[in-house]
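Working notes, beginning with the structure itself.
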Amino acid sequence: MDSIVSTFHIDWKIIIAQVLNFSIVFTMLYIYALKPLSKLMKERGEKIAKGVDDAEENAQILEKTNIEYEKVLVKAKTEAQILFNNTIKEAEIKKDEMLEKAKSDVAIMISDGKKTLEAEKTKMVADAKNEIVSLVMKVTEKLIDKKLDASFDEKTIKELSNL
Amino acid sequence: MKEKILHETTIFAEKITDFGSFHITNALITSWVAVAVIVIISIFLRRKLKEIPKGIQNVFEVFAEGALSMCDQVTNDRALSIRIFPMAISVFFFILVNNWLGLIPLGGFGLIENHEGIKSFIPFLRGGTADVNTTLALAVSAVIGANLFGVVSVGIWKTFNKYVNLSVLGSIFTKIKKEPTVIIVAPITFFVGLIEIAGEVAKIASLSFRLFGNIFAGEVLLVSISALVAYVVPIPFLFLEILVGFIQALIFSMLLVVYFTISSSDHDHEPARNASHNDAGGESHEHQKLTQGVV
């Protein structure tokens, strides 16, 4: 043992110094490199794992949403078609109703017009007769230069109006 | 006439100066430089750490991931690998930087010492691991660290029983009626536990002298080749020594992982591992396999 110690110059003080050197290396490497690096790598790993999970979840949500979208779209199309058909039907009915109403209004208007025209005509004829009678009376008065009485007037008027 | 100066590669680290009774050797100076290099790199790395890795962080992360995967191959348990990893990687870097610093051609700087009329050249720098004191310090740290790790992992009683197996002696009284053979098996198991103590010493010796032998042999080889044919011929050997330095650092740190893994395993529940652990004078089957694989 002594020969080994003397041959290799084994010195416990140097051994302790080297243990101390290694302790410094271990401590510094652990504090400054390994600990923060492993923390960083762990965090990054968690982040990546979370990202992958989120992506998978999002893909599932997207797929689900697409299915929902398709369903809603089909439902909306069906509803729109029904709504469209109903609207067309309603519009047809409305159109017929309006047409009917317009026809009846026109008919009423025509009949009213006819009535008015008839009344106007009757009134015009009566007025014209009166005018003619008074004209005839005035002419006759001038001709005979005598005032005719009321009975003559009425009689004459009747005769004239029957012309 | 020009005086002859002796350039001799000694098996021990040469003394540069004294600090009281403490001898400061050239290997110790190299180790301090190695410590400074590692500390500077660590601080630099800490300052450059970013969520999106770049440059040195990228290299270090790739290296750390690879090293952790190698640990996994030994431990088969990522959680255990993560616990052992800081120690293993520290040992790896300390040895690697020490090995490579010994190869830097700065050996030309040194002292001329006059010893009994013979002048000899003492370089300021010598590979830290080319001194037994350094490798012994690392081996002792590794073995003591492994046992402390075992105490923390499986408890002090189980770790103690690995060496002084009192529980197996106690089982003679409790199991003798059921298994009469226990009276033979228990003392043998107890004796195997005592051999484990010798195995721990063997671990220190094998770890320290393997590393020292390889690195010192490399330095001697480089000096010899340079003395024979200078300048160009030693270059391939220099590259070889760079590789040897890396491999030796890797072997030492992987053996450390093996020792830590063995210490942290509960031997009562792992008879197969226990059996393999007791062969080859305390060096496990995994150890042998790994050593064969790497070397």
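Quick notes
- Inverting the pair-averaged 1/r between distinct Cα atoms of region B:15-267 gives 21.1 Å as its Kirkwood hydrodynamic radius.
- Measuring nothing but how far apart in sequence close Cα pairs (under 8 Å, 6+ apart) lie, relative to its length, chain B scores a relative contact order of 23 percent.
- Total formal charge among the other residues, if their Cβ is under 12 angstrom from that of B:Ala186, Lys/Arg +1 and Asp/Glu -1: 0
- Net charge over other residues, Cβ less than 13 angstrom from the Cβ of B:His115 (K, R count +1; D, E count -1): -2
- Cα lying deepest toward the dipole's positive end in the protein assembly as shown, options B:Leu222, B:Ile247, B:Gly199, charges on Cβ: B:Ile247
- Entries of A:Lys64/B:Lys50; A:Lys35/B:Lys54; A:Lys13/A:Lys35; A:Lys35/B:Lys48; A:Lys35/B:Lys162; A:Lys47/B:Lys54 with Cα pairs more than 26 Å apart: A:Lys64/B:Lys50; A:Lys13/A:Lys35; A:Lys35/B:Lys162
- All lysines inside 27 Å of B:Lys158 as judged from Cα atoms, apart from same-chain residues fewer than 8 positions distant: B:Lys175, B:Lys177, B:Lys178, B:Lys203, B:Lys289
- B:Ile82-A:Gln60 FRET efficiency (beta carbon distance; Förster radius 35 Å; 0.05 resolution): 0.60
- Candidates B:Ser263, B:Ser226, B:Ser81, ranked by Gaussian network fluctuation over chain B, Cα under 10 Å, top entry: B:Ser226
- With Cα atoms as the point set, chain A shows a radius of gyration and Dmax of 61.1, 191 Å.
- Sorted peptide list for B:252-262, B:56-66, B:177-187, criterion being average Cβ within 10 angstrom, highest first: B:252-262, B:56-66, B:177-187
- Charge sum, other residues only, whose C-beta stays under 12 Å from A:Lys50's C-beta, Lys/Arg counted +1 and Asp/Glu -1: -4
- Put simply, the amide H of B:Arg126, placed in the peptide plane, has neighbours under 5 Å in B:Ala27, B:Thr30, leaving out anything fewer than 5 places away on its chain.
- Residue list for region B:168-203, given a label point 7 angstrom along the Cα-to-Cβ vector of B:Lys158 and an amide N cut-off under 19 Å: B:168-171, B:190, B:193-194, B:196-197
- Under Karplus coefficients 6.51, -1.76 and 1.60, residue-wise ³J(HN,Hα) of region A:104-113 in Hz, glycine/proline x: 5, 4, 4, 4, 4, 4, 5, 5, 4, x
- Extents of region B:1-148, taken as max minus min of Cα coordinates on every principal axis and listed largest first, are 65, 37, 28 Å.
- Amide H contacts under 5 Å for B:Ile16: B:Ile24, B:Thr25, B:Asn26, restricted to partners 5 or more places along the chain or on a different chain, H placed in the peptide plane at 1.01 Å from N.
- Here is the size of the protein assembly as shown from its Cα atoms: Rg then Dmax, 56.4, 196 Å.
All of the numbers you see were taken from the coordinates with simple rules; none came from a lab. All of these numbers come straight from a predicted model, not from anything done at the bench. Here the Cβ is made from the backbone with ideal geometry for all residues, glycine too, and neighbour counts use every protein chain on show.
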